[in-house]
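Every read-out reported here was derived from the displayed coordinates using simple, explicitly stated rules and does not represent laboratory data. Here the structure is a predicted model, which means the values were calculated and not measured. Neighbour counts are summed over all protein chains in view; Cβ atoms, including those assigned to glycine, are modelled from backbone coordinates with ideal geometry.
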Amino acid sequence: MNASGTDPAAATSTRSRPRTVEQLLDREEALAYQRISAALQRAGEGLLEATDLRARIRRHPFLAAGLGVGLGFFGGSFALRTLKRVVSATSSIPIPGARPPYALPGILIASLRGIRARP
């Protein structure tokens, strides 16, 4: 090995001109594979950095808190509307052994009664 840390035989073989078309194509193919693998590795590192929520929250805590409040406010109203639709859709389902109203709370109570009745 020389002072630069590379093998001089390998350095001359990579720098030497290919003697045939096949050697040229093989060298270019090897270089293409190296470049593609390096590009994919950089893309993967960029994707990991882009999706790292903890680092973004540490850099912008107030923005993260504001987004959390906003998503909770709008997401909560969406969840309540969806729950209301589910309750109104299941209110006409008859539940054996339960009295009206036949709604989602009735389904939950009936399922709890069934669990409690088991020995």
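Remark: spin-label model distance residue 87-residue 24 equals 7.8 nm, labels positioned 7 Å along the Cα→Cβ axis.
Each label point is 7 Å from the Cα along the Cα-to-Cβ direction; what then is the distance between the points at residue 33 and residue 73, in nm? Distance between label points: 5.7 nm.
Place a +1 charge on the Cβ of each Lys and Arg in the stretch 18-88 and a -1 charge on the Cβ of each Asp and Glu, then give the dipole magnitude about the Cα centre in debye, rounded to the nearest 20. Don't jump to the answer; show the numbers that get you there.
Details: 11 positive and 7 negative charges, 148 e Å.
Using Cβ point charges on Lys, Arg, Asp and Glu, the stretch 18-88 gives about 720 debye.
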